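Chemist: Below is a structure I'd like to ask you about.
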Amino acid sequence: MATRWGICSAGKISHDFAVALKTLPAADHQIVAVAARKLEDAQEFATKHGISRSYGSYEELARDPDVDVVYIGVIHPHHLKTCLLFTNAKKNILCEKPLAMNTKEVKEILDSAKRNNVFLMEVEP
């Protein structure tokens, strides 16, 4: 069964990630949903990348039961709030670097991931 990805943010870094993910076998990885702050941006991203679901809020993506892991491509001042949203929704996370703005925020994100028993990884673009 393929790992089902959700993309949080429809910007350039998320575009680059989606393109890279498509180089892997579809039997192993599939992007099933994308969310942006504006539905129109998510819809445009979804059309460009052949993604079946688009959401106009990150909360909708967090509630999607068909998403196994979320790639977070929002700008880093918003990583804390976004990571907490998805860890509390029991979603595994791949988050763009830097994970947070300071060590206090990193600790808060790590504590939430541990408490919710989810995978969390920071990646470099």
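The values are calculated or read from the model by the stated rules, or taken from the named source; none is laboratory data. Here the structure is a predicted model, which is why all the values come from computation and not from measurement. Using ideal geometry, Cβ is built from the backbone for each residue, glycine included, and neighbour counts are taken over all protein chains shown. With ligands, DNA and RNA removed, areas are computed over all heavy atoms of the protein, side chains included. Shrake-Rupley method; radii C 1.70, N 1.55, O 1.52, S 1.80 Å.
Chemist: Given the residues TYR55, TYR71, which is the only one that is of a type in the set (Phe, Trp, Tyr), free of Cβ contacts under 8 Å to residues at least 24 places away in the same chain and buried (at least 19 other Cβ atoms within 10 Å of the Cβ)?
Modeler: Working: TYR71 fails: free of Cβ contacts under 8 Å to residues at least 24 places away in the same chain.
Selected residue: TYR55, the only one of TYR55, TYR71 that is of a type in the set (Phe, Trp, Tyr), free of Cβ contacts under 8 Å to residues at least 24 places away in the same chain and buried (at least 19 other Cβ atoms within 10 Å of the Cβ).
Chemist: I've got another one for you. Out of everything in segment 92-110 that is within 23 Å of GLU60 (Cα to Cα) and out of contact with any strand residue (DSSP E or B) (no Cβ under 8 Å at 6 or more places or on another chain), what residue ends up being most open to solvent (accessible area, probe 1.4 Å)?
Modeler: The residue in question is GLU108.
Chemist: Here's a follow-up. THR82: of a type in the set (S, T, N, Q), more than 24 Å from ASP28 (Cβ to Cβ) and at pLDDT 95 or above, yes or no? Show your work before the answer.
Modeler: Working: of a type in the set (S, T, N, Q): yes; more than 24 Å from ASP28 (Cβ to Cβ): yes; at pLDDT 95 or above: yes.
Criteria met by THR82.
Chemist: Follow-up question, since we're still on this one. Can you tell me how many residues in segment 35-55 are within 20 Å of CYS83 (Cβ to Cβ) and touching an Asp or Glu at 6+ places or on another chain (Cβ under 9 Å)?
Modeler: Step one: of segment 35-55, the residues within 20 Å of CYS83 (Cβ to Cβ) are 35-37, 42, 55.
Then drop every residue that is not touching an Asp or Glu at 6+ places or on another chain (Cβ under 9 Å), which leaves 35-36, 55.
The number of residues fulfilling the criteria is 3.
Chemist: Using the structure shown, decide if GLU122 is open to solvent by less than 50 Å² (accessible area, probe 1.4 Å) and either part of a loop (DSSP other than H, G, I, E, B) or in contact (Cβ under 8 Å) with a residue 24 or more places away in the chain (or both).
Modeler: Values: open to solvent by less than 50 Å² (accessible area, probe 1.4 Å): no; either part of a loop (DSSP other than H, G, I, E, B) or in contact (Cβ under 8 Å) with a residue 24 or more places away in the chain (or both): yes.
No, not satisfied.
Chemist: While we're on this one: So which residues in segment 61-76 are part of a helix (DSSP H, G or I) and either at positive phi or touching a strand residue (DSSP E or B) at 6+ places or on another chain (Cβ under 6 Å) (or both), if there are any at all?
Modeler: The one that is part of a helix (DSSP H, G or I) and either at positive phi or touching a strand residue (DSSP E or B) at 6+ places or on another chain (Cβ under 6 Å) (or both): LEU61.
Chemist: For the subset of segment 16-52 comprising residues that are assigned to a strand (DSSP E or B) and among the β-branched types (Val, Ile, Thr), which member is surrounded by the most Cβ atoms within 10 Å (Cβ to Cβ)? Full working, then the answer.
Modeler: If we filter segment 16-52 for residues that are assigned to a strand (DSSP E or B), which is where we start, we get 29-35.
Of the ones still in play, those that are also among the β-branched types (Val, Ile, Thr) are 31-32, 34.
Values: ILE31: 26, VAL32: 17, VAL34: 29.
Of everything passing the filter in segment 16-52, VAL34 is surrounded by the most Cβ atoms within 10 Å (Cβ to Cβ).
Chemist: A follow-up question, please. Going through segment 77-91 one residue at a time, which ones are part of a helix (DSSP H, G or I), surrounded by fewer than 16 Cβ atoms within 10 Å (Cβ to Cβ) and in contact (Cβ under 8 Å) with a residue 12 or more places away in the chain?
Modeler: PRO77, ASN88
Chemist: Could you give me the residue pairs with C-beta distances under 6 Å whose first residue belongs to segment 23-48 and is under 21 Å from ALA2 (Cα atoms), whose second residue is of a type in the set (D, E, K, R) and part of a strand (DSSP E or B) wherever it lies, and which are 6+ apart or on separate chains?
Modeler: GLN30/ARG4; VAL32/ARG4; ALA33/ARG53
Chemist: Answer yes or no as to whether ALA62 is open to solvent by 20 Å² or more (accessible area, probe 1.4 Å) and within 11 Å of the chain's Cα centre (by Cα).
Modeler: no
Chemist: Could you pull out the residue among ALA113, ALA100 that is among the small types (Gly, Ala, Ser), in a loop (DSSP other than H, G, I, E, B) and modelled with pLDDT of 95 or more?
Modeler: Values: ALA113 fails: in a loop (DSSP other than H, G, I, E, B).
Going through ALA113, ALA100 in turn, the sole match is ALA100.
Chemist: From the residues in segment 1-55 that are under 14 Å from TYR71 (Cβ atoms) and among the charged types (D, E, K, R), which one is nearest to the chain's Cα centre (by Cα)?
Modeler: Looking at residues that are under 14 Å from TYR71 (Cβ atoms) and among the charged types (D, E, K, R), I get ARG4.
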